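The numbers here are math on the coordinates, done by the rules we state, and not lab data. Remember, it's a predicted structure, so these values are computed and weren't measured experimentally. Because the Cβ atoms are built from the backbone with ideal geometry, glycine has one as well, and the counts that use them run over all protein chains shown.
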Amino acid sequence: MHINDAVFLEDLCPKFRFRQWRKSIHRFTGRSCIYCGKPSESIDHVLPRSQGGLSTTENCVPACLSCNGNKSDENALYWYRKQKFYDPRRAMAIRAWLDGDLRLAIRLLQWANPNFRMSDNNYEKDEPDYEAA
Ligand SMILES: [Zn+2]
């Protein structure tokens, strides 16, 4: 009965799981906006929810409030290309993220931003969670 109880508890606490998941998204980029590199304060749906975008790791990127609000319902890559802070390495990173290749995305973001800090240990520790999601 203990296993059933655990499943039941998880169902009861979707908010807790959602919060953990949001945290892990921000951790992937060292809490920086995937578009401009400023501190990420929100999660942006690359394909907007209004267009059927899902709340999956592949469709959700860390973004600052300014980018998130600016982009609105536009296609993310199309919108990004028009920004002053456009960086082709970041565009590649966003594409890799959408493909679910977070490892490549993070490497590209590191390339785009030499100040990028992310502990490899943290990433390894978080990886099983990511693959299970
Ligand atoms: Zn931003």
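In straight-distance terms, cross-link reach from LYS23 covers every one of the lysines whose alpha-carbon lies under 20 Å from its own, apart from those fewer than eight places away in the same chain; here that gives LYS15, LYS38, LYS125. Residues whose amide H comes within less than 5 Å of that of CYS60, counting only those at least five positions distant or on another chain, are VAL46 (H built at 1.01 Å from N in the peptide plane). Note on SER72 and ARG31: the extension gain reaches 12.7 nm, defined as 0.36 nm multiplied by sequence separation minus the Cα-Cα distance. Kindly identify segment 6-110 as rounded, prolate or oblate by the Cα gyration tensor criterion: order the square roots of the eigenvalues as a ≥ b ≥ c, call it rounded if a/c is under 1.5, otherwise compare a/b with b/c, prolate if a/b is larger, else oblate. Since a/c reaches 1.5 and a/b is larger than b/c, the shape of segment 6-110 is classed as prolate.
Near the amide H of CYS36, within less than 5 Å, lie the amide hydrogens of CYS64, all on another chain or at least 5 residues away, with H placed in the peptide plane. Based on the Cβ-Cβ distance of ARG17 and LYS82, what FRET efficiency does E = 1/(1 + (r/R0)^6) give at R0 = 25 Å, to the nearest 0.05? So the FRET efficiency works out to roughly 0.10.
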